[in-house]
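Take a look at the structure below.
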Amino acid sequence: MFKAFHPFEPKSIHIRDYIHLIRSSPSFGDARCPACEQPLTVKGDLDPKQGVEIHFAHRRDPNSPVCPIKSEGAIRYQVLTEALPDTEAARSLRESFFKNWTYHWHQFKKYVRTVDANDFAKALQEVDSRGVWKYRDLKEHEVIIAMLATKDFKPVKKYRARWVRFWFRSEVENLQEFWNLGGSKKVMIRAEYDLSAKATKIREDKFKDFSVLTINSSYLEDEAYAEAPRVVQAILSKHFPRLIDPPA
Ligand SMILES: [Zn+2]
């Protein structure tokens, strides 16, 4: 990892700045992992092998918690609702989501940042086909959280240089556990990896940057989100005929 939580301030710190600080003040303390909050060591500086960039690494401690960032090739979260009944509530949540799609598009874009209408459509198709609506405790503004958590946003030449993946904090192992958390504890980590689109697994030593997202639960009231560009609507209406009208 090249960025981690600052040892005592509520912000992130780059490995370069961290090295600089501990050189001048060795009692500075350890940087911490954004997902599991474990103290991190610094690796690479004394490594005789060329090309090992200096980076933060988790300690090899069998008693430390499982962490999605440290586990090599960590698997994405999945929508697991097959066994749940298709209720009236699920149907009305789906209907409401598609009615409000412009709001969801704008907020989704805010979270991912480097994204286009096709990314949104694909992520939505995936959670829709898996019946995300059937989660009992799911709120409408959290459907896009399921979309973020279950999709890899791989590099695309035109608009996304790095591989983006979203993680929950390490104590959350699946979507249901996330829905069950108290409101203030619902945070996501937006991680950027220096991997090519062809890479087959996520690796800690490619973890370049991150930011912590606070879940916005009030964007459905934001009037600025009531409309979307024609081109976005045209793309989505093709993916979801009958649910989203083409532009007039
Ligand atoms: Zn960790």
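The values are calculated or read from the model by the stated rules, or taken from the named source; none is laboratory data. It should be emphasised that the depicted structure is a prediction, and the values quoted were computed from it without experimental measurement. With ideal geometry, Cβ positions are generated from the backbone for all residues, glycine too; neighbour counts draw on all protein chains shown.
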Top-ranked residue in the range 151-165 [being in a strand (DSSP E or B) and of a type outside the set (Phe, Trp, Tyr); ranked as farthest from the chain's Cα centre (by Cα)]:
VAL156
Report every pair of residues separated by at least 6 positions or lying on different chains whose Cβ atoms are under 8 Å apart, first residue within the range 7-35 and without any contact (Cβ under 8 Å) to a residue 40 or more places away in the chain and more than 19 Å from LEU213 (Cα to Cα), second among the acidic types (Asp, Glu) and away from the ligand (no atom under 15 Å from the Cβ).
ILE19/ASP45
Criterion first (over 25 Å from the mean Cα position of the chain (by Cα) and among the hydrophobic types (A, V, I, L, M, F, W, C)) does VAL52 satisfy it?
yes
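Quick grid of which residues meet (1) modelled with pLDDT under 90; (2) under 18 Å from LEU243 (Cβ atoms); (3) more than 14 Å from the ligand (Cβ to nearest atom):
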{"residue": "VAL52", "(1), (2), (3)": "yes, no, yes"}
{"residue": "HIS55", "(1), (2), (3)": "no, no, no"}
{"residue": "PRO65", "(1), (2), (3)": "yes, no, no"}
{"residue": "SER92", "(1), (2), (3)": "no, yes, yes"}
{"residue": "SER96", "(1), (2), (3)": "no, yes, yes"}
{"residue": "ARG113", "(1), (2), (3)": "no, no, yes"}
Leading residue by the ranking (nearest to the ligand (Cβ to nearest atom)) among those in the range 16-42 that are hydroxyl-bearing (Ser, Thr, Tyr) and loosely packed, with under 14 Cβ neighbours inside 10 Å:
THR41
Within the range 205-233, restricting attention to residues that are exposed (fewer than 15 other Cβ atoms within 10 Å of the Cβ), touching a Lys or Arg at 6+ places or on another chain (Cβ under 9 Å) and of a type in the set (Ser, Thr, Tyr), which residue is farthest from GLY183 (Cα to Cα)?
SER211
Based on what the data block shows, is GLY73 out of contact with any Ser or Thr (no Cβ under 9 Å at 6 or more places or on another chain), at positive phi and of a type in the set (Gly, Ala, Ser)?
no
For ILE75, are the conditions met, namely being within 24 Å of the chain's Cα centre (by Cα), outside the structural domain of LEU175 (by TED's automatic domain parsing), aliphatic (A, V, I, L, M) and crowded, with 16+ Cβ neighbours inside 10 Å?
no
Determine, yes or no, whether GLU173 is outside any strand (DSSP E or B) and within 20 Å of PHE98 (Cβ to Cβ).
no
All but one of (1) within 13 Å of the ligand (Cβ to nearest atom); (2) exposed (fewer than 14 other Cβ atoms within 10 Å of the Cβ) hold for ALA4; state the number of the condition that does not hold.
(2)
Out of curiosity, is LYS134 farther than 30 Å from CYS33 by Cα and at pLDDT below 95?
no
From the set of residues in the range 67-83 that are more than 16 Å from the ligand (Cβ to nearest atom) and among the polar types (S, T, N, Q), which is nearest to ASP194 (Cα to Cα)?
GLN78
Could we say that SER129 is over 24 Å from ASP245 (Cβ atoms) and of a type in the set (S, T, N, Q) here?
no
Could you list, in sequence order, the residues of the range 179-202 that are in contact (Cβ under 8 Å) with a residue 24 or more places away in the chain and under 15 Å from CYS36 (Cα atoms)?
LYS186, VAL187, MET188, ILE189, ARG190, ALA191
